[in-house]
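The values are calculated or read from the model by the stated rules, or taken from the named source; none is laboratory data. Note that the structure is a prediction, hence the values are computed from the model and not measured. All Cβ positions, glycine included, derive from the backbone under ideal geometry; neighbour counts span all protein chains shown. Keep in mind that these areas ignore ligands, DNA and RNA; they rest on the heavy atoms of the full protein, side chains included. Shrake-Rupley method; radii C 1.70, N 1.55, O 1.52, S 1.80 Å.
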Amino acid sequence: MKIQINPDRPLFRRSPLIYGQFLEHFHRQIYGGVYMPGHPLSDADGFRKDVLEALRRIRVPIIRWPGGCFVSAYHWKDGVGKERVPAYDKAWRVEESNRFGTDEFVMLCRKLGCEPYICTNAGSGTQEEMSDWVEYCNLPREGRYARLRRESGQEAPYSVRYWSVGNENYYDGEIGSHKSQEWGRYVREAAKMMKRVDPSIQLSAAAIADVEWNVRLLQEAGDRLDWISIHGYWDELWQDNSPAGYEACMARTDDLDRDVRKVRGLLQAFGLEKRIRIAYDEWNLRGWHHPAVDTAPLGSEEFLRARDKNDDNATYTMADAVFSACFLNMALRNADLVGMANFAPVVNTRGCIFTHDRGLVLRPTYHVFDLYVNHMGDTVVDSYATDVPDAVFTDRFGREHRVELVDTCATEEGGTVALSLVNKHPDEAVEVQLSGVPEGTRELLVLTGRDRNAYNDVDGQGAEIESSGEGIHGNTVQLPPHSVCILTARR
Ligand code: AHR
């Protein structure tokens, strides 16, 4: 196959927020994940120092919090102030200690140098409660909630810029779900109150790539929104924890642009595509495992222990890495509209980092972020591929998908061209003829493993990044099987 690059033809600058992350009050993401007061590996504020260091290395630009389904029954006022009263979390049916709340979340973001992004409760909550939260975070001193923040010792406002109205309120599984007929007006009223507190905030609203839901949302509230939020999980494991194998995962890479195309068309129809951007603010190949949330007997050990199955590091293989690289390439190719994406989640569950009592496991998806954040540039440039080999993969339902075997995207920044080259083939290398790649200093960074099912765990690393100059002979590059490669070349 051939790839032609034209570094002199910039297409658009990507937002760094497409490398964002998501953190929810679920299982061990917060307690046992980022926040472990008193643990030997934690700092004086209770945050795991090794987790902070790993997140700094991939320069996390933004974190969305506190949910996810959790937020639709969460009342933020329970999580601030000196006295934190535990509450029953109706979303995940466990007790929430409220020891980690808004102050701790903003502190986490300050430690990482990233933007906080707060998702509000449009389930059991009210528009007033949402706007009170904006008061707490962003008003310097006016009113009871700014005063409450200052009484907690936080004199200066937090200036939280990114906010969302609701989370997946379109489906019945969410507490406080809404009908499409009412959602637009609800969002409009929320936006009115939140932006009257701080007109500078950027506001998103829960949406899907669904015509009726989005048409009504945009008709009623399009003039008050800056983002539209969509989510994607492709290996749906909520009830049955049977992770799809490598080839079934590759089958699902055949149309990662689909939902972006649908939302783009709607925004264009409304003439909003220059003002509203997509926040793909939950995405992961693997859906989280949390069976029987509505039906399990209260406190049943099996119900709670089922969630531990998300912690099996052998689940997260080169399939996750290759799929995630294809998703990030999709975000880059659509960076004129996709302005934010948040990997769901960042720590534990299906995250790129797994914590245990003695340290961390950096799953293969972590290394994908390391490659993209630290080696892909900020300007997407023109490139096109020809004679791309393809293959038919069968998904977990037995459906066949014809898939191009190599996924690619080219960028430029500061005189360096960076080309992402993802080889999906489970067993065979692919040779690529390049043209347009600068002749300057070159490096080929390769993330792969001993086989397609390689994974990282407490007792061993099966998938890591290697730098191999010998992979470049003139303008021919060899892509190892099941690999994520980035070729950099100085102009
Ligand atoms: O499985 C986790 C859930 O997935 C998140 O809480 C929700 O936003 C999404 O449906």
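Derived scalar couplings between HN and Hα for segment 162-172 equal 10, 9, 10, 8, x, 9, 6, 6, 8, 10, 5 Hz in order, rounded to whole Hz, by the Karplus curve 6.51 cos²θ - 1.76 cosθ + 1.60 (θ = phi - 60°), x for Gly and Pro. Taking a straight line from the alpha carbon of residue 77, these lysines sit under 22 Å away, with near neighbours fewer than eight places off in the same chain left out: 90, 192, 195. Let's test the formula: R0 of 45 Å, r as the Cβ-Cβ distance of residue 394 and residue 83. What FRET efficiency results, to the nearest 0.05? Between residue 394 and residue 83 the formula returns 0.20.
Suppose we keep just the DSSP beta bridges with both residues in the chain; what percent of those would be antiparallel, to 5? Walk me through the numbers on the way to the answer.
Details: 60 of 93 bridges.
In the chain, DSSP labels about 65 percent of beta bridges as antiparallel.
Solvent-accessible area of residue 90, all protein chains in place: 130 Å² (probe radius 1.4 Å, heavy atoms, ligands and nucleic acids excluded).
The distance from the alpha carbon centre of segment 255-297 to that of segment 179-225 is 15 Å, rounded to a whole number. In this structure the chain gives 38 Å² per residue of accessible area when probed at 1.4 Å with all protein chains present. The distance between label points at residue 126 and residue 13 comes to 4.2 nm (points 7 Å beyond Cα on the Cα→Cβ vector). Measuring r between the beta carbons of residue 336 and residue 49 and using R0 = 51 Å, the FRET efficiency lands at 0.85. The distance linking segment 424-491 with segment 330-408 is 15 Å (Cα centroid to Cα centroid, whole angstrom). The heavy atoms of residue 464 offer some 90 square angstrom of accessible surface to a 1.4 angstrom probe. Listed by chain and number, the lysines placed with their C-alpha closer than 25 angstrom to that of residue 424 are 2; residues fewer than eight positions away on the same chain are left out. Based on alpha carbons, the Rg and Dmax found for the chain are 22.4, 67 Å.
Taking the Cβ-Cβ separation of residue 150 and residue 374 as r and a Förster radius of 56 Å, what is the calculated FRET efficiency to the nearest 0.05?
Numbers: r = 39 Å, r/R0 = 0.69.
Computed FRET efficiency for residue 150 and residue 374 comes out at 0.90.
Each of residue 382 and residue 268 was given a label point 7 Å from its Cα along the Cα-to-Cβ line. The distance between the two points is 1.9 nm.
Computing the accessible area with a 1.4 Å probe over protein heavy atoms, can you report the carbon and sulfur percentage for the chain? It would help to have the intermediate numbers written out before the result.
Details: 8710 of 18710 Å².
The value for the chain is 47 percent carbon and sulfur by accessible area.
A helix-only calculation puts the chain at -7500 deg cm²/dmol for mean residue ellipticity at 222 nm, using -39500 (n - 2.57) for each DSSP H run of at least four residues, averaged over all residues. Only aspartates and glutamates eight or more places from residue 262 in sequence, or on another chain, were considered; those with a Cα closer than 16 Å are 210, 212, 254, 273, 336.
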